[in-house]
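The structure appears below as structure tokens.
The values are calculated or read from the model by the stated rules, or taken from the named source; none is laboratory data. Owing to the predicted nature of the structure, the values given are computational and were not obtained by experimental measurement. Here the Cβ is made from the backbone with ideal geometry for all residues, glycine too, and neighbour counts use every protein chain on show. SASA here: full protein model, heavy atoms, side chains in, ligands and nucleic acids out. Shrake-Rupley method; radii C 1.70, N 1.55, O 1.52, S 1.80 Å.
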Amino acid sequence: MGVIVLGVTDVPGAVRFWQQALGWDLRTDGFGGWANVLMPPGGVGAEIALQRSVTPPQEHPRLHLDLHVTDAAEQEAEVDRLLALGAQRVDWDSYPDDPDFVVLADPDGNRFCVVNLGHQPRS
């Protein structure tokens, strides 16, 4: 896989949010044909290109990003940190009874999840 492309209306704002949210480096040298590409530390993993789009975000996107955390305390702290950066809580109508994820939206409205990998389903 090459680059994951995320459509946004405010490219500079999206760059600021996602760079702070992920802690990734920004490349503006045309990597992969894209003007703004976020690179994971050490260059390991897929990159995210931020592209101007006039298409509104989907309420129930078929593709989204999952940010992983190790436990419930880290999930709560990460959600709070992302909200402080400009993310918004989403009134998600598809949560299961015992969710291991929290649905947020970036400042552009793109949905993403913070997933607790240590979640133990209730019996």
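Which ranges mark the strands (runs of 3 or more DSSP E) fully within segment 39-123 that have 3 or more residues being free of Cβ contacts under 8 Å to residues at least 40 places away in the same chain and either crowded, with 16+ Cβ neighbours inside 10 Å or touching a Lys or Arg at 6+ places or on another chain (Cβ under 7 Å) (or both)?
On the way: elements: 47-52, 65-69, 101-105, 111-116.
Qualifying strands (runs of 3 or more DSSP E): 101-105.
Applying the selection to segment 20-32, what residues are closer than 14 Å to L67 by Cβ and open to solvent by 60 Å² or more (accessible area, probe 1.4 Å)? Of everything in segment 20-32, just one residue is closer than 14 Å to L67 by Cβ and open to solvent by 60 Å² or more (accessible area, probe 1.4 Å), namely Q20. Taking the conditions (1) farther than 15 Å from A105 by Cβ; (2) modelled with pLDDT of 95 or more in turn, F17 satisfies each one other than (1). Quick check, is T55 farther than 21 Å from L85 by Cβ and touching a strand residue (DSSP E or B) at 6+ places or on another chain (Cβ under 8 Å)? Judged against the criteria, T55 is a match.
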